[in-house]
Amino acid sequence: MTRKRKCNSQIVILKKFLFVLTAFITIIASSCNDSSDSNSNNARTRPKSKVDSLMDNIMADHGTGMAKMNKISVVQGQIRKIIDSIGKLPVKERNALASYKTDLDSLFSRLQNAEDRMNQWMDEFNMDSLENDAEKRVQYLSSENQKTAKLKDDMVSLLQKADSLLSKNKQ
């Protein structure tokens, strides 16, 4: 057998091997996807425990609150700029905007308070608390769920108020 024929036959064998290997990997991957889909369907239909439901709610509210934290910082910067601008106005104009400035100062403080409360909650929350006592764990998580729901609602409400108050500045 010539060297060229031997090389060609080895290439053919290698190509067949790669084809079989690719087919095998495709079949394995396909069967793995099917079983994970059925597992996720089982997870969706299986009822959640009270603890799981509470943790889901807490994490969802926390996630919403964290998404609002950046917006709070941006709004505080905008408020600070407006307050500084008002402070540079002549006395007559400053006096005319005194009520608006008071509203801005109050909103700034309330936004800072909401941010501080979120940070405090994150520092104090113990995700693994009372794992060995289901009844007390449910009580703890219920309390934390109320806290995060209130924090989220406060942040959303304050940002809506900020949008309204800042839109007055644009008019």
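Since every read-out is calculated from the coordinates, none of them should be taken as a lab result. These numbers come from a predicted model, not from an experiment. Positions of Cβ are backbone-derived with ideal geometry, glycine not excepted, and every protein chain shown enters the neighbour counts.
Within segment 115-135, can one find any residue that is farther than 20 Å from Asp56 by Cβ and surrounded by 16 or more Cβ atoms within 10 Å (Cβ to Cβ)? Within segment 115-135 (the criterion being farther than 20 Å from Asp56 by Cβ and surrounded by 16 or more Cβ atoms within 10 Å (Cβ to Cβ)), the answer is yes, since at least one residue qualifies. Taking segment 58-171 as the region of interest, the helices (runs of 4 or more DSSP H) fully inside it that hold 2 or more residues being under 17 Å from the mean Cα position of the chain (by Cα) and not charged (D, E, K, R) are 98-124, 134-170.
Counting only residues that are surrounded by 13 or more Cβ atoms within 10 Å (Cβ to Cβ) and hydroxyl-bearing (Ser, Thr, Tyr), segment 80-105 holds 1 of them.
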